[in-house]
Amino acid sequence: MLKPQEISGHTFNKALFGGYSVSAVGEFLEGVSEDYAALQKENATLKAKLKVMVDKVEEYRATEEAMRSALLAAQRTAEGILKDAETRRDEILANASDEALARRDDCRREVAELEERMRRARTEMARFIASGRELCAQELKFLEQLPQMQVNVTLPEEDDAEAPSEPDAAESAPHLEELKFGQSLKKD
């Protein structure tokens, strides 16, 4: 590549017949030299800018690679966390399901026990009611027979401690202290 000084310092041989005007060629060469110098200067500036741009592109590529690596690492970490969370969720659901089934079975067993207790209580209540009705019937029967019974009880008087008592009536009729509530007078 020619330098601007070479262009401006270049000399041409003079031709013998009808050669170029030295002043016109000199002016032309001087203009070309100035344009060439400006272009070289601009070219140097553009090369410097291009080098800065290339350095920036390399820096961006390195940053991009680091970001890509970080993104991949984050993605792997997220996938690992998601997988762990899903595993934990499945474990929790399985445990909750097992506990719910066990609790349901316990509740069913408890309900069955309570129903059995209720059935026994009803049976006992029915027996108690039947027994109470039977007792009431016996007492009613006794009360109905009471007016027909003659009970002669003589109480010793304090003055007459040796008073004779009627042995026939006293022996045949039951003594009041022997009669107890719910006891029938009939002897079997």
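Taking the charge dipole of segment 1-139 about its Cα centre, with +1 at Lys and Arg Cβ atoms and -1 at Asp and Glu Cβ atoms, the residue from 102, 50, 126 reaching farthest to the positive side is 126.
Label point of residue 52 set 7 angstrom out along Cα-Cβ; within segment 26-42, amide nitrogens under 18 Å from it belong to 41-42. For residue 150 and residue 119, a Förster radius of 45 Å and the Cβ-Cβ distance give a FRET efficiency of 0.35, rounded to the nearest 0.05. Could you count how many Lys pairs in segment 4-147 have their Cα atoms under 27 Å apart, skipping same-chain pairs fewer than 8 positions apart? Lysine pairs, 8 or more places apart or on different chains, close enough: 4. Estimated from the Cβ-Cβ distance and a Förster radius of 22 angstrom, the FRET efficiency linking residue 44 and residue 6 is about 0.80. Computed from phi, the 3J(HN,Hα) profile of segment 100-112 under the Karplus parametrisation 6.51, -1.76, 1.60 (θ = phi - 60°) reads 5, 5, 5, 5, 4, 5, 4, 5, 5, 5, 5, 4, 5 Hz, with x in place of Gly and Pro. Counting 0.36 nm for each residue step from residue 21 to residue 74 and taking away their Cα separation leaves a gain of 11.4 nm.
Each label was represented as a point 7 Å from its Cα along the Cα-to-Cβ direction; for residue 98 and residue 134 these points are 5.4 nm apart.
No value in this document is a laboratory result; all are computed from the given coordinates. What you see is a predicted model; the values in this text were computed from it and never measured. Reconstructed Cβ throughout: ideal geometry from the backbone, glycine too, with neighbour counts over all protein chains shown.
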